[in-house]
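Peer 1: This structure is in structure tokens; I'll ask about it shortly.
Read the figures in this text as sums done on the coordinates, not as results from a lab. Here the structure is a predicted model, which is why all the values come from computation and not from measurement. Positions of Cβ are generated from backbone atoms using ideal geometry, with glycine treated the same way; all protein chains shown enter the neighbour counts.
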Amino acid sequence: MRLRIRPVETTFYDLFSEMAEHLVGGADLLAAMLDPATDKHELAKKMSDAEHAADEMTHTIVRRANQTFITPFDREDIYKLASSLDDVMDFMEETVDLVSLYELGQLPSDFAPQVEVLQRATQLTAEAMPRLRTMKDLEEYWIEINRLENQGDKSYRRIVANLFSGSYKTLEVMKLKDVVDSLEHAIDALESVANTVEQIAVKES
């Protein structure tokens, strides 16, 4: 039977929890773009600041992993989880930036369910990160994230079908398609986070 030495170091759990909270804030900023009265350029600036803060968190986690002799779980999994969380923020920032750059006013109403999926998934991720300390009660998290990702896929297909229905001008279709693609990538990245958490939990069980 292999002896497992559990380090006292808890900083990684705190850092991952803080990183996930950044995602919740980012998702809330992204949801604001659905309001046609929102200043999209100002929103893009706030989102860019949030993305930079998340980048700093990622660098902090990587540096700490490089400096720590005994990590709470595999070093490579720490890198992977940090990178996956950062990817979510990157895609959310990209989504808002595209809305600003393309000067899109009011987005189609069918974008709302996709944004709601993203918000719910980030909330679940933030709730799951502290449970990495014990590796308990995580299965429901990755199962629900998978369900939400499937829901997001269906919503994505409906949006794309609507965009190509002939109701929009060609240039508008191209702009909106870029936005919804980036939004879909953010949801997919959240599933990658959940998959990484599942892999870690299985290894540590």
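Peer 1: Neighbour counts of other C-beta atoms within 10 Å: give me Tyr156, Tyr79 arranged from fewest to most.
Peer 2: With the fewest neighbours first, Tyr156, Tyr79 line up as Tyr79, Tyr156.
Peer 1: Mind jotting down the distance between the C-alpha centroids of segment 31-64 and segment 75-153, whole Å?
Peer 2: 14 Å
Peer 1: Relative contact order of the chain, please, whole-number percent, based on alpha carbon pairs below 8 angstrom and at least 6 residues apart.
Peer 2: Result for the chain is 31 percent.
Peer 1: Also, quick follow-up: Going by how many other Cβ atoms sit within 10 Å of their own, how do Phe16, Phe73 line up, fewest first?
Peer 2: Phe73, Phe16
Peer 1: Could you put Val88, Val160 in order, starting from the residue whose Cβ has the fewest other Cβ atoms within 10 Å?
Peer 2: Sorted ascending by nearby Cβ count, the order is Val160, Val88.
Peer 1: Within segment 14-123, which GluC sites (Glu not before Pro) sit in a loop by DSSP and count at most 13 neighbouring Cβ atoms inside 10 Å?
Peer 2: Glu103
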